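Accompanying notes for the structure given below.
The values are calculated or read from the model by the stated rules, or taken from the named source; none is laboratory data. Quantities reported herein were computed from a predicted structural model and do not represent experimental measurements. Using ideal geometry, Cβ is built from the backbone for each residue, glycine included, and neighbour counts are taken over all protein chains shown.
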Number of protein chains: 2
Amino acid sequence: MEELQEYFPFWNNLTAEQQNKLRGTAQKRHFAKGTMIHSGSDDCIGLLLVIRGQIRVYSLSNEGKELTLYRLFERDMCLFSASCILPSIQFDVMVSAEQDTTVFLVPAHLYKQLMEGSAAVANYTNELMATHFSDVMWLMDQILNKKLDSRLAAFLLEESELTSEPSLALTHEQIASHLGSIREVVTRMLKYFENEGLVKLGRKKITLINTEKLAALAQASRR
Amino acid sequence: MEELQEYFPFWNNLTAEQQNKLRGTAQKRHFAKGTMIHSGSDDCIGLLLVIRGQIRVYSLSNEGKELTLYRLFERDMCLFSASCILPSIQFDVMVSAEQDTTVFLVPAHLYKQLMEGSAAVANYTNELMATHFSDVMWLMDQILNKKLDSRLAAFLLEESELTSEPSLALTHEQIASHLGSIREVVTRMLKYFENEGLVKLGRKKITLINTEKLAALAQASRR
C-alpha cells in the first residue's frame, strides 16, 4: 500500500498526533473513468491527493458551457473538492475522473483542523491555491487574447505538412522565434496542447496527435 | 495614528514577539492618485493594507490591454504587491492608486516570516487569495458569457427612460426577475457597476451615474 508520508509534502511538519489522525482518517478511493467526483459547492467530499489517474477540474456556466480550468495528475492535490473549508471560495467547479483514478481522500473537517493547527499545512494550501490561480489567470489571458494558441496550432500543422512528418524536430525556442513569442510562453502552451490530447511532447520532438482539433484551433485565428 | 491592531484581523493570534516585529517594521505610506504602486513580479514592495483610498488591481496583456481584476478599499489587503513570497504565483498584476491612498506597508520578508510562523496568518492569507480567486472566476464567467452585464445595462437605461428619472426605485429581486436571473447575481453585477462608476446604489434605489458607458455596455449585447 502506498504510504501517506510519501504523498503529503507537509508530512514531516506534522506533529505525531496530527500524523496519526491523518493516518486514521485518510482513505484510499477509486473512481472509474467518467465518474463525477464533485459538482459545485454543495458537495464537499474532502481533499483529494491523486495516487494515479487523471482528474479534470472545470467550470460550468449557467448556460451549460464547460471550460477546463486545469488537470490533476499523480501527486497533485485537489483543493476545490473541499472548498467548503474555505468560506471565501465563492465559485463552483466540477471535478471528474478523466481516467480510472485512485486517490487518498482526506475528509474536509480533518483537513480544516490540520490547516488551523499547522502553519506548514496552511502555507502548503496557499501555494496550491496560488498554482491553480495562476492556471486560471493564464487561461483568462488566452481567452482574452486568443491568438497564440491558434497561431501555434497553425504553425505546427504547416510544419508537419512541410516535412510530411507527424513528428516535428523543433525546440520550443525555435517555435517561439517563429511566432514572435518567448520560449516560456510556447512551452506552457505546448503543455496545454498535450493535456488536451492535441500533441505529444518528447525530447526535442513534438508529435501531432489530433490534427483535426489542431486545424479547428488554427481556423479560429482567421475569424 | 491608526493602530495596527485595529487593521490586522489576525493581530490577536500573533505572539507578543510577532506583534512587536510587525509594529517595528510596518510603515504608513501615502500614494497620490495615479501612482503605480506595483508593476509585475519583479517588483515586490510588500503587503499593503488600505487605511483609506482606492486601489485598482489589473492585468496587462502582452498587447497592452488592461483588465480590471478587482478594487481594494478601506481595510482590504493587497497580496499581489508581495507576490514574491508565494513562489507559485506565476502571473503578474499591476497595482495602482485610483484615489489618494494611505496604506500600512508590511515588508515582504516580514510577512513571509509571519506566515511561516503563524497558522492564523497563513490561513488569513488563504482566505484573501480565495476572495481574489473568486473575483477572477466571476470575471472570467462574465467574459465568456457576456450577456447579463449588457442586458442589465440595457434594462437600467430603459427603465430610466420610462420613468424619466435617473434614480430607479427597484429591488435587486425585481430586476432579477426581469432578466431571468437570480437576486445574488444581479446584486453582484450592480456592485461591479458601482465600482466601475456606472451607478450608485442606495436603499431601494439605483442612480445612474454614467449613462454613456451604460449605453456602450447595452450596445454590446446586440452584436
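Residues B:100, B:149: which one is more than 7 Å from chain A (Cβ to nearest Cβ) and surrounded by fewer than 18 Cβ atoms within 10 Å (Cβ to Cβ)?
None of the others qualify; the one that does is B:100.
Of the conditions (1) over 22 Å from residue A:40 (Cα atoms); (2) among the hydrophobic types (A, V, I, L, M, F, W, C); (3) more than 8 Å from every other protein chain (Cβ to nearest Cβ), residue B:119 satisfies every one except a single condition; which number is it?
Single failed check for residue B:119: (3).
Listed here are the residues, each with its yes/no results for (1) over 29 Å from residue B:132 (Cβ atoms); (2) surrounded by fewer than 16 Cβ atoms within 10 Å (Cβ to Cβ); (3) not polar (S, T, N, Q).
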{"site": "A:131", "(1), (2), (3)": "no, no, no"}
{"site": "A:172", "(1), (2), (3)": "yes, no, yes"}
{"site": "A:204", "(1), (2), (3)": "yes, yes, yes"}
{"site": "A:211", "(1), (2), (3)": "yes, no, no"}
{"site": "A:218", "(1), (2), (3)": "yes, no, yes"}
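Taking the stated definitions as given, is residue A:54 polar (S, T, N, Q) and either surrounded by fewer than 18 Cβ atoms within 10 Å (Cβ to Cβ) or within 12 Å of chain B (Cβ to nearest Cβ) (or both)?
No, not satisfied.
Got a sec? Which of B:141, B:135 is out of contact with any Phe, Trp or Tyr (no Cβ under 6 Å at 6 or more places or on another chain), among the charged types (D, E, K, R) and either touching a residue at least 40 places away in the same chain (Cβ under 8 Å) or within 12 Å of another protein chain (Cβ to nearest Cβ) (or both)?
Matching residue, one of B:141, B:135: B:141.
Among strands (runs of 3 or more DSSP E) lying entirely in the range A:50-168, which contain 1 or more residues that are within 25 Å of residue A:187 (Cβ to Cβ)?
It comes to A:55-60, A:66-72.
Considering only the range B:6-38, state which residues are out of contact with any Phe, Trp or Tyr (no Cβ under 8 Å at 6 or more places or on another chain), in a helix (DSSP H, G or I) and touching a residue at least 40 places away in the same chain (Cβ under 8 Å).
B:13, B:18, B:21, B:25
Considering only residues of the range A:1-47 that are of a type in the set (Val, Ile, Thr) and at pLDDT 90 or above, which is farthest from residue A:125 (Cα to Cα)?
A:35
With respect to the numbered conditions (1) within 14 Å of chain B (Cβ to nearest Cβ); (2) under 29 Å from residue B:59 (Cα atoms), which one is the sole condition not fulfilled by residue A:173?
Condition not satisfied by residue A:173: (1).
Restricting attention to the range B:106-119, does a residue exist that is at pLDDT below 90 and closer than 24 Å to residue A:128 by Cα?
No.
Could you say which residue among A:114, A:105, A:156 is within 12 Å of chain B (Cβ to nearest Cβ) and of a type in the set (A, V, I, L, M, F, W, C)?
A:114
Filter the range A:175-202 for residues that are crowded, with 16+ Cβ neighbours inside 10 Å and among the hydrophobic types (A, V, I, L, M, F, W, C) and give the result.
A:175, A:176, A:179, A:185, A:186, A:189, A:190, A:193, A:198, A:199
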